[in-house]
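The values are calculated or read from the model by the stated rules, or taken from the named source; none is laboratory data. Quick caveat: nothing in here was measured; it's all calculated off a predicted structure. Ligands, DNA and RNA are stripped out before the accessible areas are found, and what is left, the full protein with its side chains, is counted by its heavy atoms. Shrake-Rupley method; radii C 1.70, N 1.55, O 1.52, S 1.80 Å.
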Amino acid sequence: LWDTDGWTVSLPGLELVHGNKMVKAADEGGEEWYFEAPPKFLGAQRSAYGGQLSFRHGFFEYDSAGEGMKGGFDVILSSEQHGITVGLRHVIPAWQFKSDHSLDLVESAGWVLESTGGPPSRPDMQRLLSSLSSLKIRGG
């Protein structure tokens, strides 16, 4: 990875830069934002069903003002075409410089439907991956 490779961030005004085989951004604390995947990771991804989403996440500095990690989803997958959004909580550990993750892309892996708060069905996950419009990983 020699540039940002098309990745963006969800918080307006936040600058995304490339580092040694990574993308990084810094905030002033308090804001919730996500790294957003470029189009080459989106679209028809149904063949990823049953596979894994793998990434390394890290903090160069983490200022929580004495609080734990933020609530909400750490990873979010969405399909606008099918109106499905799922998220996964408790992926990013607090106070850890770096962590490696391999998330199972199946309904039984702890994913939560944004619309109901319950787990997605197998058809939900397959439809979602068949037309993936957004993949977000928590940054701040």
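Split the accessible area of region 84-129 by element, probe 1.4 Å, and carbon with sulfur accounts for 51%. The gain in end-to-end length when the Thr116 to Phe55 segment is fully stretched comes to 19.2 nm, 0.36 nm per residue minus the alpha carbon separation. Using only the alpha-carbon atoms of region 92-140 as identical scatterers, what base-10 log of I(q)/I(0) does the Debye formula give at q = 0.19, 0.23, 0.26 Å⁻¹? Relative scattering, expressed as log10 I(q)/I(0), comes to -0.78, -1.01, -1.13.
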